[in-house]
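Presented below is the structure to which this report refers.
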Amino acid sequence: MEILAERMKRLRLDNKMKQTDVAKILGVAISTYCSYEYGQREPNAGIVAALAQLYRVPADHLLGLDGPVPEGRMGIVLASASPRRKELLEQMGIAQFRVVSPDVDESVEAGLGPAEIVERLSLRKAQAAAGKVRAGDLVIAADTVVALDGAVLGKPRDEAAAFAMLSSLSGREHQVYTGVTVALGDRVVTQHEQTAVAFRELQPDEILGYIATGEPMDKAGAYGIQGLGALLVSGIRGDYHNVVGLPVFRLGRVLAGFGVDLLRPAGR
């Protein structure tokens with residue numbers, strides 16, 4: 001936000017415009033515009049786009065994404081399009097980060113266990129995202145799988161597959177593994193978290209009813225614990241957030257090792 005405020009002011013002065021002029025063009029109150037330029041409030045994407053059009057510069061220039069990171073300033077990038085991971089990162093207290101969705105081949109060689117799979121895929125995602133970020137940015141990537149008796153359950157290809165998965169999990173305990181990779185330049189740390197989840201005995205009509213909601217169809221193991229899938233779960237051993245898709249506790253400790261200690265903000 002500091003970079004954006006600085007560039008807003010410089011571009012306005014370069015174009016010999018007054019704050020009142022720009023506020024009128026943007027359709028906002030002068031007090032609102034001043035709060036943007038003084039770095040007290042972050043403008044939304046529409047305002048940034050309007051400013052970019054007004055000054056005929058790329059939006060990335062306004063946001064400070066077109067050059068090297070200023071000395072001492074590190075950006076954070078989440079290499080995932082998952083809204084659940086985004087929400088968990090915000091819950092951890094990371095308010096400012098960019099999202100990059102890496103396009104990676106998620107196939108792995110036969111014989112790997114669930115922990116090895118998620119670690120390899122999270123590392124692959126981090127490496128793919130590294131080519132899309134600025135030098136000095138810290139990248140966070142993750143991958144989650146559900147395993148029953150050591151066999152990985154992916155996303156169901158159709159409703160019949162979802163029914164088969166949920167029936168196999170009924171009345172049993174399974175494991176959820178999430179691999180997480182944090183990368184900053186040449187330094188890369190990859191770890192994984194494992195959580196045990198127990199399902200109650202499910203009746204066929206309950207499984208069909210859950211499938212009818214559509215929730216299972218894009219979820220590993222055919223359920224989402226943060227949604228209606230919570231009604232299927234009788235118990236958890238381990239990190240709940242790991243089941244949602246991001247091992248908050250483990251990630252927090254890894255980030256602290258990179259100097260991002262969320263319980264000790266910079267300057268304290």
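A short reminder: the numbers here are calculations on the coordinates, not readings from a lab. Remember, predicted model here, so these are calculated numbers, not experimental data. Note that we place each Cβ from the backbone using ideal geometry, even for glycine, and neighbour counts take in every protein chain shown.
Data overview
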item	result
Ranking of Glu37, Glu173 by count of other Cβ atoms within 10 Å, fewest first	Glu173, Glu37
Cα-centre dipole for the chain with unit charges at Cβ (Lys and Arg positive, Asp and Glu negative), debye to 20	1240 debye
Ser107, Ser167, Ser31 arranged by Cβ crowding within 10 Å, fewest neighbours leading	Ser107, Ser31, Ser167
Residues Tyr38, Tyr33, sorted so that the one with the fewest Cβ neighbours within 10 Å comes first	Tyr38, Tyr33
Gyration tensor (alpha-carbon) shape descriptor, segment 2-63, a/c threshold 1.5	rounded
Helix-only CD estimate at 222 nm, as mean residue ellipticity for the chain, using -39500 (n - 2.57) per DSSP H run (n ≥ 4)	-11500 deg cm²/dmol
